Amino acid sequence: MDQKTRDDLLKLFQGKLNRAMRFYLETCSRCGVCTKACHVHESMPHVKYIAAYRAEIVRRIYKKYFKAQGKAWSSLGESKELTEMALEELYEAAYSCTGCRRCMVYCPFGIDTQMIMSIAKLLLVGSNHEPETLTLLADTSIEKGRSLEMFKEGFLQGVKNLEQKVVEKWKLEAGTTPIPIDVEGADLLYVALAGAHSIIPAAAILNAAGEHWTLSFFEAVNFGAFVGDPTKTKLIMNRIIDEAKRLRVKEVCICECGTAFRVMKQLSGEQPFKVSSITEVHARYLREGRIRLDRNRFKEPITYHDPCQMARNAGVIDEPRYILRHITDDFREMSPDPKYNWCCGGGGGLVAMGEETLDFRMKSSSVKVKQIQETGAKIVTTACENCHTQLSNLNDHYKMGVDVRFLSSMVADALVQS
Amino acid sequence: MQTVYYIILVPMVYFAFGVFVAGTAARLISLFRKPKNPSTLEIFPQKGPKFLGALGQTFLLPTVRKHNPLLWVFLMTFHICFLLLIIGHLELLGDFRIFQIWGHEIFLGGGFVGLLLCICLLFFLFRRFVSPNRELSVPEDYYLLVLLFLTMLFGSEMDWARRWFGYGEMLVEDYRDYLMTLWHLRPMLPDAVTTSGHSFMLVLHVFFGNLFLIFFPFSKIMHSFISLPVNKLKRG
């Protein structure tokens, strides 16, 4: 690696060194309490998958260039130069971590490994070593925001084709526009994912609740966050913020995508609208009596997988359970404390990288499979696209024999007339 | 030899104390001047008041108790004994009524505080020789533990000699005299401190203690100051 590249990367590194990051990099005592925290390590017990070890890969570079100790007595903290080989180590550390932050629950200091890994991901972006797939997806999202007019016609036609299916699910209030788009002054802007599965059930429920809503032109998922590029993350998020402001909506409702929800909820800052997840919105409709669900619609035992970015990292924990109590009498918890729920193994961009990571995702998540099997449930439901894909892959790979469902689709299927 | 004793017991003490205070202050100021994280770093669910929760996490180490109870026993013992040790050293500088709410000889603990600390440090050291802690550890971890162990071993030996074996040539009053002259910037070494049979223990204790203080601001021991604000981040 030439000096200029290294200097440029170190500038990126320095840009990440805010107070919290410095705390995290300075504090670890390498006590090893986090050893049992990571699902990857529990499934494949190699030292390199211990949270503290991953963080140490970044920390050693930090010591070398940003700490007096590393400059004066390099071997003391095993500080390390930023080289091509270091980038390879950073890649393995960053893309074997799903950013579930379960290790934070174990750590006596509460060190956030996901945040430390964001340095690794940024250095990989800066040196063009990041996964190409994620960058391509992020760039496509950004381009769509810039050239909406080009995509608009195709999108509107696609939505038109879905409307009949929405009417089939819920006829009463669907009216002439079962999927309203670009409605100025709507109360709620629903931001879906690309795909009918994210739009049809949601539209049916929103219509059933009599919501004054509108569908976003943009997909919720933030590939910028997966790849760890803060500029792209912001650009992708801003498309939705701008649309929400233009339409003067009171609430932005993010579909079943954990990362999209957390990014919008925690990074959008002070805005004239509130940010909710679709799970929170459904729970609210139930509480307010705006929708009713058939408790006998599903006969088999159901368990719920808490998406890490929604539950442990954003606090949406009670709402899915409240909904499930209206759908079934046989709900089975995976973990006595949702804080300790195992990650499905698909986060951090791993699912978005597709086949490239499939083998690793299957091997690194056996502990999740065990957790699901121990519930004895026949239906596994979740509220995150990534988790759904990963759980479906696990279901096929380990022949678990369960039905993996989106929570919103179960709500839509269980809707009953008032 | 007297010159070496003098260098360790006087100028090196001032130097170490200066590096400790200035270094720690500079590190803390530099850390707290950095901008805050733009988003919350909280994890959920959280119960109870946030600050109290962070205090509990910092001082009671509930996550260690849950996931590694044996380590927790040693960590709690170590930190409580360390606190008693700090109180003991403060009492050499003056009479603090608050510390004498229950009457005791200086130092607290009848020699057992030092003994427990040494045992804890050996536990911390030897657990680092076992995988996976071995792979996680860096030389700093071992050096610090060895340094602390040596500091405490020589410090405690003086206490044990005096309390358990009736050694009467170097008493608490002698340490007090020595420390008070340092404190008042008129350093003098009482004869008992430099010429008694156990002088070398005091000199080694102070020497390793000095090294520890010099090392402190540049090491992970800064967690003594950062642990609470870091835990506060987790609580939101």
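Data for the structure
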{"quantity": "Gap separating the Cα centres of segment B:1-42 and segment A:106-151, nearest whole Å", "calculated": "38"}
{"quantity": "Peptides A:119-130, B:158-169 ordered by average Cβ neighbours within 10 Å, highest first", "calculated": "A:119-130, B:158-169"}
{"quantity": "Fraction of the pair-distance distribution of chain B above 29 Å, Cα-Cα pairs, percent", "calculated": "38"}
{"quantity": "Residue among A:Met44, B:Ala22, B:Leu185 farthest towards the positive dipole end of the protein assembly as shown, charges placed on Cβ", "calculated": "B:Leu185"}
{"quantity": "Mean separation of Cα contacts under 8 Å (6+ apart) over length of segment A:1-88, as relative contact order %", "calculated": "21"}
{"quantity": "Proportion of all alpha-carbon pairs of segment A:3-130 beyond 17 Å (%)", "calculated": "55"}
{"quantity": "Most to least packed among A:20-28, A:62-70 [average Cβ atoms within 10 Å]", "calculated": "A:20-28, A:62-70"}
{"quantity": "Computed P(r) (all Cα pairs; segment A:293-416; 5 Å bins; percent)", "calculated": "2, 12, 23, 25, 20, 12, 5, 1, 0"}
{"quantity": "Global size of segment B:1-54 as Cα Rg and Dmax, reported in angstrom", "calculated": "21.0, 61"}
{"quantity": "For residues of A:10-22, the mean tally of beta carbons on other chains within 10 Å", "calculated": "3"}
{"quantity": "Which of B:Phe107, B:Phe96, A:Phe226 has the fewest Cβ neighbours within 10 Å, and the rest in rising order", "calculated": "B:Phe96, B:Phe107, A:Phe226"}
{"quantity": "Magnitude of the charge dipole, chain A, Cβ model with Lys/Arg +1 and Asp/Glu -1, debye to 20", "calculated": "1160"}
{"quantity": "Fraction of antiparallel bridges per DSSP, the protein assembly as shown only, in percent to nearest 5", "calculated": "10"}
{"quantity": "Length-normalised contact order of chain A in % [C-alpha pairs under 8 Å, at least 6 apart]", "calculated": "16"}
{"quantity": "Cα Rg over Rh - segment A:250-347, Kirkwood", "calculated": "0.99"}
{"quantity": "Shielding of B:216-228 by partner chains, average beta-carbon count, 10 Å", "calculated": "4"}
{"quantity": "Part-to-part distance (alpha-carbon centres) for segment B:106-180 and segment A:263-299, which is given in Å", "calculated": "57"}
{"quantity": "Alpha-carbon centroid distance for the pair segment A:335-390 / segment A:1-71, whole angstrom", "calculated": "26"}
{"quantity": "Violating pairs (Cα-Cα greater than 32 angstrom) within the set A:Lys4/A:Lys48; A:Lys368/B:Lys66; A:Lys299/B:Lys66; A:Lys152/A:Lys399; A:Lys121/B:Lys234; A:Lys339/A:Lys378", "calculated": "A:Lys299/B:Lys66; A:Lys152/A:Lys399"}
{"quantity": "Separation in nanometres of the label points that stand 7 Å from Cα toward Cβ, at A:Arg297 and A:Thr83", "calculated": "5.9"}
{"quantity": "At 1.002 mPa s and 20 °C, Stokes D of segment A:348-418 from Kirkwood alpha-carbon radius, µm² per second", "calculated": "164"}
{"quantity": "Positive-pole candidate from A:Leu267, A:Thr328, A:Gly195, dipole of chain A, charges at beta carbon", "calculated": "A:Leu267"}
{"quantity": "Protection proxy ranking, peptides B:174-180, A:364-370, average beta carbon neighbours within 10 Å, highest first", "calculated": "A:364-370, B:174-180"}
{"quantity": "Percentage, to the nearest whole number, of Cα pairs in segment B:1-119 over 25 Å apart", "calculated": "55"}
{"quantity": "Å³ per residue enclosed by the Cα convex hull of segment B:114-236", "calculated": "151"}
{"quantity": "Dipole of the protein assembly as shown, positive direction: furthest Cα of A:Ser127, A:Tyr65, B:Ile7, with charges on the beta-carbon", "calculated": "B:Ile7"}
{"quantity": "Above-threshold pairs, the threshold being 20 Å between Cα atoms, out of A:Lys144/A:Lys165; A:Lys234/B:Lys34; A:Lys16/B:Lys34; A:Lys250/B:Lys36", "calculated": "A:Lys144/A:Lys165; A:Lys234/B:Lys34; A:Lys250/B:Lys36"}
{"quantity": "Span per principal axis, largest first, for the Cα atoms of the protein assembly as shown (Å)", "calculated": "101, 57, 45"}
{"quantity": "Chymotrypsin sites (Phe, Trp or Tyr not before Pro) lying in DSSP loop within segment A:263-317, provided at most 16 other Cβ fall within 10 Å", "calculated": "none"}
{"quantity": "Burial ordering of A:Ile111, B:Ile226, B:Ile87, fewest other beta-carbon atoms within 10 Å first", "calculated": "B:Ile87, B:Ile226, A:Ile111"}
{"quantity": "Computed Rg/Rh of segment A:236-294, alpha carbon atoms with Kirkwood Rh", "calculated": "1.03"}
{"quantity": "Value of Rg/Rh across segment A:121-265 [Cα atoms, Kirkwood radius]", "calculated": "1.01"}
{"quantity": "Residue-averaged beta-carbon neighbours from other chains (10 angstrom radius) around B:129-136", "calculated": "5"}
{"quantity": "Directionally averaged projected area (convex hull, Cα atoms, segment A:203-273), nm²", "calculated": "4.8"}
{"quantity": "Charge dipole magnitude, Cβ of K and R +1, D and E -1 - segment A:293-416, Cα centre, debye nearest 20", "calculated": "220"}
{"quantity": "Length-normalised contact order for chain B - Cα pairs under 8 Å, 6+ apart - percent", "calculated": "37"}
{"quantity": "About the Cα centre, charge dipole magnitude for segment A:134-287 (Lys/Arg +1, Asp/Glu -1 at Cβ), debye", "calculated": "260"}
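Since every read-out is calculated from the coordinates, none of them should be taken as a lab result. As the structure is a computational prediction, the values presented were derived from the model and not from experiment. Cβ sites come from the backbone with ideal geometry, for glycine too, and all protein chains shown count toward neighbours.
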